[in-house]
Amino acid sequence: MRKVIFVFMVALLTLAGCSRHIDSPDVPFDLPKQPPVPSGLKLAHTAGGMDLSWQISDSALVRYFKVYLADSLDGTYRLQDSTGDYSLTMTDLSNGQPYYFRVSAVISGGVEGEKSSAVASIFGTMAISINNNDKYTNSQTVSISFVVPVTASLMQLSEDSSFAGSSWQTYVSPTNKELSSGDGLKKVYARFQFNDGSSSEKAVSDSIILDTRAFIDSTYFTSSLPNPVAGDAVTFFVVTHESGGTAYVSFSSISRLDLYDDGSNGDVTANDGIYSRLYIIPADLEVVNGLVSGHFQDAAGNNADVRPAQIRLNILKAPTPITLSATTQSSSSIRLSWSQETDNDFASYQIYRSPNATVNTGSDLVTIITSRTTLSYSDDNLEANKAYYYRIYVFDNTGLSTASNITSDTTQINIAPTAVQLAIQINGDSSIMTWTTNGDADFGSYQIYRGTTPGITNLNATLLAIINEQSTTTFTDNRPTASTYYYRVYVYDKQGMLTGSNEVAAP
């Protein structure tokens with residue numbers, strides 16, 4: 001410690017006409033102490049800022065420190081903060097911006113010492129990414145890339161946050177790392193040393209799930225019917241207990257039917273690892289003793305062994321629909337025609353009739369036709385001037401049926417039958433009658449009457465015969481006596497209307 005001695009010169013004091021000479025002794029005292037200059041400044045990058053630390057040669061003198069900040073080495077340093085510690089964390093820094101720091105010490109009396117040498121770095125993001133932030137990997141070897149604010153020289157990688165047993169290595173991004181064995185969550189930590197002398201204060205980390213195998217517990221399906229048909233629903237399931245993957249089933253001509261684990265398309269619970277789908281059977285699908293196989297690829301890309309269902313799938317195909325048409329023939333008859341059914345297991349055509357446009361198997365059954373090649377039918381004995389609706393069902397040997405279109409027509413208004421012309425030849429005791437053919441579509445019958453007096457009708461004459469065959473136009477009457485008889489032929493239609501022929505006498 002330096003001391004300065006001031007020597008007071010002897011002064012001649014004249015007091016009241018006299019003088020005295022006074023010698024002053026040496027008086028020693030201390031100059032103010034100079035604050036020490038901080039040294040060893042270091043910057044460490046953190047997630048939200050930078051940590052600045054320093055050292056001091058004589059901490060006993062220092063009351064606190066002042067930290068200065070500038071945007072360039074020779075720029076103006078402005079006071080950033082004060083602290084009684086030997087470090088300071090700075091936040092609210094701009095990403096990509098270089099910062100320069102200097103520190104001074106302040107001692108008692110507020111005396112501030114010289115600023116330290118500057119330390120600098122660029123603030124920015126630090127991050128680590130495993131396999132481009134994938135959630136899963138099926139390989140122990142992963143690619144790790146980094147984001148650092150400034151050029152790094154060294155790095156440490158470890159699955160241990162304390163970096164035990166890990167050594168510094170040359171910084172390379174991206175770099176490969178071998179994960180520890182065993183499926184499960186893997187977390188990798190990284191820290192860095194930078195070319196500007198700064199380092200990372202805390203490690204950054206990323207995690208990934210190592211998954212090296214996929215497995216299907218079971219594959220199965222459910223249906224409300226043992227042998228569903230077109231329009232019925234079948235629900236398929238592939239049980240894996242591993243969400244995030246893709247699953248599907250294959251059977252018969254269906255090479256891939258995707259299943260879901262997101263709560264849609266019939267899947268009950270999302271992300272439970274049970275993949276399912278409610279499938280509505282299309283019209284043209286038929287499956288006989290089909291093997292249903294489950295397929296699964298997990299989120300890590302592992303393919304499970306194919307797992308078949310224990311029960312075989314049967315989907316019956318209903319008969320192919322046919323087309324029906326109706327044409328009115330008369331006041332009592334409608335003719336039906338349809339296209340031919342070509343399926344091998346054909347059993348029958350069943351025709352149903354209704355007075356309204358709703359026609360189903362609960363309507364009136366008109367007829368059952370078991371011949372595949374019979375493609376028409378006349379529905380007779382209908383009411384005149386009335387609309388009728390028809391539908392034909394095709395049944396196969398298993399009892400499945402398919403309905404045709406619904407068609408309709410209206411019977412004609414009924415008019416009296418066309419009269420025939422009667423002629424008679426006598427041959428001994430026989431009257432041989434012939435008449436012209438009635439060509440009406442609703443022909444019912446010829447009815448032959450005989451009387452003993454002129455002016456016979458169906459009410460006052462004897463009925464000799466009823467002929468139902470429209471093409472039959474002759475009849476022989478063996479007369480009981482040699483008297484003169486009178487004859488007439490009445491034509492009846494299917495509604496019961498009648499028309500009489502001319503009257504002919506046979507002597």
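The values are calculated or read from the model by the stated rules, or taken from the named source; none is laboratory data. For clarity, every value in this text was computed on a predicted model and none was experimentally measured. All Cβ positions, glycine included, derive from the backbone under ideal geometry; neighbour counts span all protein chains shown.
Conditions tested, residue by residue: (1) assigned to a loop (DSSP other than H, G, I, E, B); (2) at pLDDT below 95; (3) surrounded by 14 or more Cβ atoms within 10 Å (Cβ to Cβ).
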position: Ser408; (1), (2), (3): no, no, yes
position: Val420; (1), (2), (3): yes, no, yes
position: Ala441; (1), (2), (3): yes, yes, yes
position: Tyr449; (1), (2), (3): no, no, yes
position: Leu463; (1), (2), (3): no, no, no
position: Thr472; (1), (2), (3): yes, no, no
position: Phe475; (1), (2), (3): no, no, yes
position: Tyr492; (1), (2), (3): no, no, yes
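Got at least one residue in segment 226-234 being of a type in the set (S, T, N, Q) and farther than 19 Å from Tyr136 by Cβ? Walk me through how you get there before you give the answer.
From segment 226-234, those of a type in the set (S, T, N, Q) are 227; that's our starting set.
Right, trim to farther than 19 Å from Tyr136 by Cβ and you get 227.
Yes, there is a match, as at least one residue in segment 226-234 is of a type in the set (S, T, N, Q) and farther than 19 Å from Tyr136 by Cβ.
Within segment 297-306, is there a residue that is crowded, with 17+ Cβ neighbours inside 10 Å, at negative phi and assigned to a strand (DSSP E or B)? I'd like the intermediate steps shown before the answer.
To start, the set of residues in segment 297-306 that are crowded, with 17+ Cβ neighbours inside 10 Å comprises 298-300, 302, 304.
Subset that is at negative phi: 298-300, 302, 304.
So of that shortlist, the ones also assigned to a strand (DSSP E or B) come out as none.
No, segment 297-306 contains no residue that is crowded, with 17+ Cβ neighbours inside 10 Å, at negative phi and assigned to a strand (DSSP E or B).
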request  = Return a yes/no flag: does segment 214-224 have any residue that is part of a strand (DSSP E or B), touching a strand residue (DSSP E or B) at 6+ places or on another chain (Cβ under 8 Å), without any contact (Cβ under 8 Å) to a residue 60 or more places away in the chain and not aliphatic (A, V, I, L, M).
outcome  = yes
message = Here is a check on your reading of the model: is Ala283 free of Cβ contacts under 8 Å to residues at least 60 places away in the same chain, part of a strand (DSSP E or B), under 30 Å from Asp409 (Cβ atoms) and among the aliphatic types (A, V, I, L, M)?
response = no
ask   = Which one of the conditions (1) of a type outside the set (Asp, Glu); (2) more than 29 Å from Ser401 (Cα to Cα); (3) at pLDDT 95 or above; (4) loosely packed, with under 13 Cβ neighbours inside 10 Å does Thr323 fail to meet, given that it meets all the rest?
value = (2)
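Just the residues that are in contact with a strand residue (DSSP E or B) (Cβ under 7 Å, 6 or more places away or on another chain) and surrounded by fewer than 19 Cβ atoms within 10 Å (Cβ to Cβ), please, taken from segment 334-347.
So the first thing to find is which residues in segment 334-347 are in contact with a strand residue (DSSP E or B) (Cβ under 7 Å, 6 or more places away or on another chain), and the list is 334-338, 341, 343, 345-347.
Matches in segment 334-347: Arg335, Ser337, Asp343, Asp345, Phe346.
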task = Determine if segment 149-169 includes at least one residue that is in a loop (DSSP other than H, G, I, E, B), in contact (Cβ under 8 Å) with a residue 60 or more places away in the chain, surrounded by 15 or more Cβ atoms within 10 Å (Cβ to Cβ) and not assigned by TED's automatic domain parsing to the domain that holds His241.
result = yes
key: Complete set of residues in segment 273-291 that are of a type in the set (D, E, K, R) and either crowded, with 16+ Cβ neighbours inside 10 Å or within 14 Å of the chain's Cα centre (by Cα) (or both)   = Arg277
key: Residues located in segment 113-138, provided they are surrounded by fewer than 14 Cβ atoms within 10 Å (Cβ to Cβ) and among the hydroxyl-bearing types (Ser, Thr, Tyr)   = Ser117, Thr125
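Out of the residues in segment 423-439 that are aliphatic (A, V, I, L, M) and at pLDDT 95 or above, which is surrounded by the most Cβ atoms within 10 Å (Cβ to Cβ)?
Out of the qualifying residues, it is Met433.
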Residue among Leu79, Leu52, Leu41 that is more than 30 Å from Ser207 (Cα to Cα), crowded, with 18+ Cβ neighbours inside 10 Å and at pLDDT 90 or above = Leu41
